[in-house]
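First comes the structure, then the notes that go with it.
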């Protein structure tokens, strides 16, 4: 074998090695397949999680193109996934937020691992906005780094924050504009807050009393009460309202009504806050009213008829005669529900009249009924006359009652006497009839038979049921009075006519006809029901009994039918079935309970309320469901047995063990003889209602307190009845008393004649345009003074678009109007003064330039010709002159620029701040290069401003940052931030900072923080910046730590 040839052994070794490698490859391939399968499963899982996750997921590239979006995110935006992939993410971003998004993408791509969080708005396909909180970070992908954005819907939170902001603004506005004094007091009795009303009422300035002991304002005789009440407040109590006398600046005292509650912070009481209202005039009025009321009460108490006043079904006032009539004292009957004084047989009628009268229906003003005295058994007959009045701004019932029991007793005695007389007449008539029958027995057999037939005919004619006889051909041969009443045909109209022709009957079911004939043939009688019609065509449901008439040979000669109208009974049965279904399907729980307290019936709603099925309830005692298992036996059942009814709230147990409140209305059910047989209860779960009522109560309390504090009145005009409701505060604003203004025309009489037409027109336009309204009007008070009122509200329409009422508020803006007029006058005066000052500065600066230029020219000529020839001192003096002239020229130029900010400004226009900064950098190129300054900035917005002045503003701020630099190279950064409806700009540097003592005069003209020998300048630059910013309607300020740099901020409003 030659060298290089492979031996057999080597070949076998290589073959074995190849087989081993092949096996390893196969094993590796199998493992790869298993891994790929797991990856595919995992991918499916994560794809499902990604697509269906209730958050919005985007992946975008550096240019903002959407690479992917999950199903939930696309649906949230109103798109399908395919409509968004490949599109720019800007398609779904609100215009004002696009720069935020691009800055976010840039930050993530520039700093891998950086997580950017922002809140911005997405735009749905239908144009609506969706607030989201975005969390973005860069992730690696095949195509390079991309950005993953996860969005959380925060629309509701944003809406809530906006509502909270508006609410806080409204409350702040109420406090500032309140007519009452609002105050806070510390633990050591020091006054910590007073609203403007304090100055208006007392004449003191607030600054005079802030930090002072509030008891110094209290009349000495009221100090004991003051100290006692405030100690209760500090102990956590909320005492009821009380009255104190407080000191005016004039030295007089006024009476004020106080309400004060604990003020807490972090759960600890830190003092008290309260409201004080000047009630001096009210006290005088109350005294006059008291005297008038005493005269009225003497008159009412001495008349013989009962007098009463009802509000919300409760007796608010009764006189002595009313109390005597019912067996109570005046004190006992006040506050009682009037229904307790009505006999059961007349209760429904009286209650019905009461509520229908309140609803505006026409019901009798005078009627009679039985009342109950105190013992609940003695009945009295009364005649009542009742009407409606306005009582404390609400509709109340007022009337008189007269005891007519004796008159009714006399009428009853007369009726009994009449009945007794009638009975005696009947008895005598019966005796005569008996004698007559005795005579009739003497008449012949034929006559007796004839009389017997006539008697039967008479009897049949008096039967209420219809009795009809007809022959084998169905011709009518007898028709009684009952048939005349049932079918409205007289006997002479139907005799000889076919029965079917007259009654037009139809069978309830087709098979009934054959069944009737079969029964008549087999038994000679049939009983059943069918439908017939009367003369007027109205259908009658009839129960009939038909019998075959036979002669002495047992042959059929006709039929006799007795028919009864059961139409009403059928209706009642149908009504009963409907009631049964209604009870079973009623949304409220309904239970029937035996007199032993065990449940015999429960409808479906009970199961929803308690969790127990009707079957599980069957036979249980009601006490098992109650939290207090003795309450039903001790309170509810005895009350029902005594009064027939119990209504109230009850805590019960659910099947799952939790407890919850229900509202239970229980009544006693009696049989026809009046004996009680069961109790029926109507159950309503009130958990949510109680929560809602608590929230509503809290809201109404806050609103009422706010209205009371802010002196905002409310009103409502019913357009259907022309009735006008005003709150107590609304009456006070118009200087009217409750009840004086009940119609819109009555309201117009209180408005200044020159304003009435505009008020009427504003409301008419609001109704026509279906929008809110806003107007101001003047009202002339009783003392001849004038008050300005601002009213606003809205029109309420029904489902058909018809206006039904107008609701609104009214606020006293007299003081605000006066302040506005005063402010306008001072603003005009200030504008004139500023204009004169600017003109003076311009003229003065311009006139100074010419002589200064001449001095400068000759000083420079001296320096050029005689430098080094007049001695060292002369050269130094000439240099001082030239330097001073240069500084003076700079100061004049700066002063001219300062004066021109207000006089030569250009109109505001869209201004690209990127362009503004570029222009500043061109202007300052030399200064930047010489100082080595590094100027950076965030993306800058386009604003509405004076472009040239924005260049001047930024140039001044950057120039200052370079000028006042530290030993480090200047680093200046400009950024913007959108806050509310304005842009906030900031210019930050790493310079020497600003001394704290210089902050107060930082933006004043000619003010410098350093000597001119250290830092050049005129002290006008920052004053010019302030004037530019103020011309744009906003503000400028600075923040600094000495030695660590400064940041200058200014704001620019967002304008269209």
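The values are calculated or read from the model by the stated rules, or taken from the named source; none is laboratory data. Quick caveat: nothing in here was measured; it's all calculated off a predicted structure. Please note: Cβ atoms are built from the backbone with ideal geometry, for glycine as well, and neighbour counts cover all protein chains shown.
Each row is one residue, and each column tells you yes or no for (1) free of Cβ contacts under 8 Å to residues at least 60 places away in the same chain; (2) over 27 Å from residue 976 (Cα atoms).
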site	(1), (2)
74	yes, yes
81	yes, yes
90	yes, no
135	yes, no
150	no, no
Need the failing condition index for residue 260 against (1) surrounded by 13 or more Cβ atoms within 10 Å (Cβ to Cβ); (2) over 27 Å from residue 809 (Cα atoms), just the number. (2)
Filter result (more than 26 Å from residue 971 (Cβ to Cβ) and crowded, with 18+ Cβ neighbours inside 10 Å) within segment 1031-1056: 1032
List the pairs whose first member sits in segment 643-662 and is over 13 Å from residue 685 (Cβ atoms), whose second member is part of a strand (DSSP E or B), and whose Cβ atoms are under 6 Å apart, counting only residues at least 6 apart or on separate chains? 644/668; 645/667; 646/666; 647/665
Could you please let me know if residue 943 is in a helix (DSSP H, G or I) and under 14 Å from residue 985 (Cα atoms)? no
Condition (residue is in contact with a helix residue (DSSP H, G or I) (Cβ under 9 Å, 6 or more places away or on another chain), buried (at least 19 other Cβ atoms within 10 Å of the Cβ) and at pLDDT below 85) applied to segment 634-656: is it met by at least one residue? yes
Taking the conditions exactly as written (in contact with a strand residue (DSSP E or B) (Cβ under 9 Å, 6 or more places away or on another chain) and within 20 Å of residue 480 (Cβ to Cβ)), does residue 495 satisfy them or not? yes
Considering segment 592-621, residues that are assigned to a helix (DSSP H, G or I) and touching a strand residue (DSSP E or B) at 6+ places or on another chain (Cβ under 6 Å), and then whichever is surrounded by the most Cβ atoms within 10 Å (Cβ to Cβ), we arrive at 606
Wholly inside segment 388-489, strands (runs of 3 or more DSSP E) that include 1 or more residues that are over 30 Å from residue 531 (Cβ atoms) and at pLDDT 70 or above are 394-403
Can you tell me which residue within segment 514-537, out of those that are surrounded by 11 or more Cβ atoms within 10 Å (Cβ to Cβ) and more than 19 Å from residue 562 (Cβ to Cβ), is nearest to the chain's Cα centre (by Cα)? 535
Considering only residues that are touching a residue at least 12 places away in the same chain (Cβ under 8 Å) and either assigned to a loop (DSSP other than H, G, I, E, B) or outside the structural domain of residue 493 (by TED's automatic domain parsing) (or both), which ones fall in segment 507-546? 508, 524, 534, 535, 536
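Restricting to segment 947-973, name every residue that is assigned to a strand (DSSP E or B) and crowded, with 21+ Cβ neighbours inside 10 Å. So that I can check it myself, show each step before the final result.
Step one: of segment 947-973, the residues assigned to a strand (DSSP E or B) are 971-973.
The one that is assigned to a strand (DSSP E or B) and crowded, with 21+ Cβ neighbours inside 10 Å: 972.
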Exactly one of these conditions fails for residue 922: (1) at pLDDT 75 or above; (2) not assigned by TED's automatic domain parsing to the domain that holds residue 937. Give me its number. (2)
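Kindly indicate whether residue 251 is buried (at least 18 other Cβ atoms within 10 Å of the Cβ) and at pLDDT 85 or above.
Working: buried (at least 18 other Cβ atoms within 10 Å of the Cβ): no; at pLDDT 85 or above: yes.
For residue 251, the condition - buried (at least 18 other Cβ atoms within 10 Å of the Cβ) and at pLDDT 85 or above - is not met.
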Checking the condition within 18 Å of residue 260 (Cα to Cα) and not in a helix (DSSP H, G or I), which residue from 184, 215 passes? 184
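So that you can scan it fast, the table gives a plain yes or no per residue for (1) at pLDDT below 80; (2) outside any strand (DSSP E or B):
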{"position": "985", "(1), (2)": "no, no"}
{"position": "1007", "(1), (2)": "yes, yes"}
{"position": "1013", "(1), (2)": "yes, yes"}
{"position": "1022", "(1), (2)": "no, yes"}
For residues that are modelled with pLDDT under 80 and in contact with a helix residue (DSSP H, G or I) (Cβ under 9 Å, 6 or more places away or on another chain), tally how many sit in segment 140-175. 6
Pairs only if they're at least six apart or on different chains, beta carbon under 7 angstrom, first in segment 201-213 and without any contact (Cβ under 8 Å) to a residue 12 or more places away in the chain, second surrounded by 12 or more Cβ atoms within 10 Å (Cβ to Cβ); list them, first residue then second. 205/199
State which residue pairs qualify: first residue within 16 Å of residue 319 (Cα to Cα) and assigned by TED's automatic domain parsing to the domain that holds residue 312 and inside segment 331-346, second residue modelled with pLDDT under 90 and in a strand (DSSP E or B) in any location, beta carbons under 7 Å apart, and separation of 6 or more residues or different chains. 333/318; 334/318
